[in-house]
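The values are calculated or read from the model by the stated rules, or taken from the named source; none is laboratory data. Given the structure is predicted, the values throughout are model-derived calculations rather than measurements. Here the Cβ positions follow ideal geometry from the backbone for every residue, glycine too, while neighbour counts run over all protein chains shown.
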Amino acid sequence: MKILIINGPNLNMLGEREEAIYGKQTLDTINAEIKAFAQKNGIETVFFQSNIEGEICEAVQQVKTVYKADGIVLNAGAYTHYSHAIGDALACVNVPKVEVHISNVHAREDFRHLSVLADNCNGVICGFGADSYKLACLAIKGISER
Ligand code: DQA
């Protein structure tokens, strides 16, 4: 099975972005770690990052056609909290979807407590750093095997 991992705005800045919250790892390092972990668990991965809302909608829409993937792990960054366009895109595709966050959004500012994506996902994982993505991959595998 194959999972599309999508990262949204400002996640390309990991490593130098608010280190106390997001850690020292760059997105490339995190993606390499996810890829190795996924491989050990019999999962293939493909990665996409964009700072642009419409490009994230397109990546979601293309999960089956272009990426030939069976599920989506999505960290939409701040779009999580207000992008109904990405929420609608998630509703368009019939694959397992997990929303993830590196930080525990519920322990942060009030505006981060709301997700407009979660109701179109199978579940949400947050607060475990890079492990949030790995846990989400296992969750998607579990759903697919049910
Ligand atoms: C984030 C949390 C969001 O609130 C924030 O806007 C991000 C990163 C996380 O991974 O913790 O950009 O999605």
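When each of Gln61, Gln49 is tested for being more than 16 Å from the ligand (Cβ to nearest atom), modelled with pLDDT of 95 or more, within 15 Å of the chain's Cα centre (by Cα) and at negative phi, the lone residue that passes is Gln61. If you go through the range 68-92 and pick out every residue that is touching a strand residue (DSSP E or B) at 6+ places or on another chain (Cβ under 9 Å) and crowded, with 19+ Cβ neighbours inside 10 Å, you end up with 12. Mind checking whether some residue in the range 8-22 is touching a residue at least 60 places away in the same chain (Cβ under 8 Å), farther than 23 Å from His113 by Cβ and not hydroxyl-bearing (Ser, Thr, Tyr)? No: the range 8-22 contains no residue that is touching a residue at least 60 places away in the same chain (Cβ under 8 Å), farther than 23 Å from His113 by Cβ and not hydroxyl-bearing (Ser, Thr, Tyr). Within the range 1-46, restricting attention to residues that are hydroxyl-bearing (Ser, Thr, Tyr) and more than 30 Å from Arg146 (Cβ to Cβ), the residue that is nearest to the ligand (Cβ to nearest atom) is Tyr22. For the range 95-126, residues that are free of Cβ contacts under 8 Å to residues at least 60 places away in the same chain, surrounded by 15 or more Cβ atoms within 10 Å (Cβ to Cβ) and part of a loop (DSSP other than H, G, I, E, B) total 7.
Selection over the range 52-61 of residues that are within 21 Å of Ile34 (Cα to Cα) and either in contact with a Cys (Cβ under 8 Å, 6 or more places away or on another chain) or part of a loop (DSSP other than H, G, I, E, B) (or both) gives a count of 1. From the list Tyr79, Tyr133, Tyr67, the lone residue that is hydroxyl-bearing (Ser, Thr, Tyr) and not in a helix (DSSP H, G or I) is Tyr67.
Of everything listed in (1) within 25 Å of Gly127 (Cβ to Cβ); (2) buried (at least 20 other Cβ atoms within 10 Å of the Cβ); (3) out of contact with any Leu (no Cβ under 8 Å at 6 or more places or on another chain), the single unmet condition for Cys57 is (1).
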